Structures are given as C-alpha cells and as structure tokens.
Amino acid sequence: MTFQPGHLQQNPLPSGVLGALTLTGYQLLVDVAGVGAGRLGPQAFLLVAPESDGAPADELTHISLHQPRLGSEQEAFAYQQLAAQLGYLRLSGYRLALERSGLRSRISLVNPASGAIAMQIPDKHPGRLFGGGGSVRTLLAAARALPPAGPPPDLQRPELLHQTLLALALGDETTSGAEAVELADRALALTQGDPTLDPAAALAAARRP
C-alpha cells in the first residue's frame, strides 16, 4: 500500500472526532506512508490512514495512542519517531490493521507473510501509573526491533525514497522534524546524482557540511 507524501495533510481527522476530543487546530508533526504524529498543546497522538480495502466509512483517518498530557518535550518527539518508524515498517510490507474503540483506534502491526500480529498499539496512552508496558518510548523500541516484512520498497520511485529517507532521519534523536525534512530533501538530491547510494549512505552524505 502506497500513500503519497502529504496524505494526512489532505485527509485530516473527521470534524466530529476533532470536536469530541477538543483537538481542533492540531499540528501535524510528521507524515510517512500515511502514518503521522499530531500535537495540540500538551496533547499528542498518532494519526493513521487505513488501508484502502475497507468500507468507505472506514477510510477516514484514525487517531491512536492519544495522550492528553505529555510529560516532556522529549516524549513529544518520541511520537514523531514512532510515527516515522511505523511508516517505515509499512513501506517494508507490514499492514496496519485498525480497530475502532470509541473515537480512537487500536493499531495492530500485521506481518503479511505470516498473518501474525507483530505488535499492538493501544487507542489511548495508558498513563504513567499503569503505562509501564505501553509508553511511547517502549513502543518505539519494540517497533525498531522488528525486522522488515519483505524486500525494501522500490527506491527508484522518488516519493517512496523520500519517505524512507525521512523515516530514517527521524530515527536520530538529535534531529528535529524540520531538520529531518531538509536532510531527506538533500539526500534525495544526492541519490539522483549518484544512484549507487543507499538511503543510509545518502543521509550520511547529506549531514556533512
């Protein structure tokens, strides 16, 4: 399943969900393969565009791992990293199965080769008291430990390569969202000049002064 860059910008959360969750005017922090991170003041959440094989009513953007109160700015950035990693895994072949739970949705990361659920993400952040196994950083570590589901995406397609580069750039905690976009742009230009560069090498070259 391929999502064009800017998919979540063009397909935001439905207005009914926005009003009910008081999220009108949220900021979209990152969008990779139809997976994004949103922010409104102290609130943070994941946004996911579903696969296109569902009913029309289920094709609207979903919200997951909604956290009404962030503990720190580092935690907010972890949402960006988790969204980017989930997008990267989707590009590698995983499917994101969404199960609505009220206004929010649970995410199951499914390996299509086996049909097994590799990991699950709750609809709401469980909070600090009960969230030992479900914090955003714990989920990020689990997502990063998963192997690709299949062969790498077709990197001859510039839009897929750019999303892959963006996801990899956001894996570095010292790189902000805006810097990651600039790095991905520079790395994409470098690969167009030298097709032998793989994404990691192109990013490394883009970081050099």
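We did not get these values from a lab; they are worked out from the coordinates using the rules stated. Quick caveat: nothing in here was measured; it's all calculated off a predicted structure. Neighbour counts are summed over all protein chains in view; Cβ atoms, including those assigned to glycine, are modelled from backbone coordinates with ideal geometry.
Structural remarks
- Test: residue in the range 55-64 that is under 18 Å from K124 (Cα atoms) and not β-branched (V, I, T): yes
- As a summary of the residue check, P5 satisfies the conditions (1) assigned to a loop (DSSP other than H, G, I, E, B); (2) more than 14 Å from the chain's Cα centre (by Cα) except for the one numbered (2).
- Scanning the range 165-197 for residues that are over 17 Å from R144 (Cβ atoms) and acidic (D, E) gives E179, E182, D185, D194.
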